[in-house]
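To start, the structure itself, in structure tokens.
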Amino acid sequence: MKQANFDVTALGELLIDFTQDGLSNQGNPRFEANPGGAPYNVLAMLRKLGKRCAFLGKVGQDGFGRQLAQVVREAGIDTRALRFDPEIPTTLAIVQTLPGGDRDFSFYRKPGADLRLSAEELDEDLLQDCKIFHFGTLSLTGEPCRGATQKAVALAREAGALISFDPNLRPPLWDSQEEARAQIAWGLGQCDILKIADNELLFMTGTDDFAEGAAMLQRQYPTIPLLNVTAGAAGSHAFY
């Protein structure tokens, strides 16, 4: 693996997850403002494992944005490439936990600051100084962030980084299933490491059999040497 100052650099959404935390004294649902965003969550866990990490993304120049920036810094993640939007607020998500551990999301993101990251705002030096570059599809749901993501993948790959991809399908954020499927397919065509959930495997292959679906993806995308299928409370499966 290439020599670099950062083990993993990730690009994508950094947002507030409002998760239900019991009921108020009046019996109304009470929600807690938690830092969230799949790419950030990946880095936060990697930092707990002692890895050197950096984040590229955008939040609003508001209270939630400042809260998130502080949390990322406190986690020990490099924030030199975190941008602040003076006009568009930080993205918010309402998260409800379903039986079995899966979650249901409702987003306040039309637009949200994370979607406003542009290619011109990327820290190119940072992208060329990581061993692994990680991204998901929420940054592919619209412009200008889609173009920024595509450029970031190209720069990281050109510099010799491994590319890690998480489809992270959130249907409410897409204009159509066809567009979501096309952008996930683009990500599959870029990555060396794939983390795909059981529902996303079904969405892309039409089968809920993990081994069969993984084999279909490996035939279609032979450049993916490591494919991980996650199944919520049922654990995960690795194909390599």
Within a Gaussian network of the chain (alpha carbon springs, distance under 10 Å), most fluctuating of ILE94, ILE193, ILE163: ILE94
Solvent-accessible area per residue for the chain (1.4 angstrom probe, square angstrom): 48
Of ALA81, TYR240, GLN96, farthest towards positive along the dipole that unit charges on Lys, Arg, Asp, Glu beta carbons give the chain: ALA81
Backbone N within segment 175-207 under 15 Å of label point (7 Å from LEU98 Cα along the Cβ vector): 197-203
Segment 129-240: antiparallel DSSP beta bridges as a percent of all, rounded to 5: 25
Within segment 70-152: Cβ-based charge dipole about Cα centre, in debye rounded to nearest 20 (Lys, Arg +1; Asp, Glu -1): 240
Charge dipole (debye, nearest 20) of segment 125-240; +1 at Cβ of Lys and Arg, -1 at Cβ of Asp and Glu: 200
Extension gain from ASN5 to GLN220, taking 0.36 nm per residue of separation minus the Cα-Cα distance: 74.1 nm
CD proxy at 222 nm, helix term only [per DSSP H run n ≥ 4: -39500 (n - 2.57); per residue of the chain; nearest 500]: -9000 deg cm²/dmol
Highest-first arrangement of 203-209, 219-225, 185-191, where packing means the average Cβ count within 10 Å: 185-191, 203-209, 219-225
Cα Rg, Dmax (largest Cα-Cα span) when computed across segment 1-43, Å: 17.0, 57
Paramagnetic reach from ASP192 (point 7 Å along Cα→Cβ, amide N under 12 Å) across segment 210-240: 224-226
Where a label projected 7 Å from the Cα of ARG73 along Cα→Cβ would reach, residues of segment 1-39 with amide N under 12 Å: none
Fraction of accessible area attributable to carbon and sulfur, the chain (%, probe 1.4 Å): 49
Relative contact order (percent, whole number), segment 84-180, Cα cutoff 8 Å, 6+ residue spacing: 25
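The values are calculated or read from the model by the stated rules, or taken from the named source; none is laboratory data. Predicted model, so just to flag it, every value in this text is computed and none were measured. All Cβ positions, even for glycine, are placed from backbone atoms using ideal geometry, and neighbour counts span all protein chains on display. In case anyone asks, the SASA skips ligands and DNA or RNA and just uses the protein heavy atoms, side chains included. Shrake-Rupley method; radii C 1.70, N 1.55, O 1.52, S 1.80 Å.
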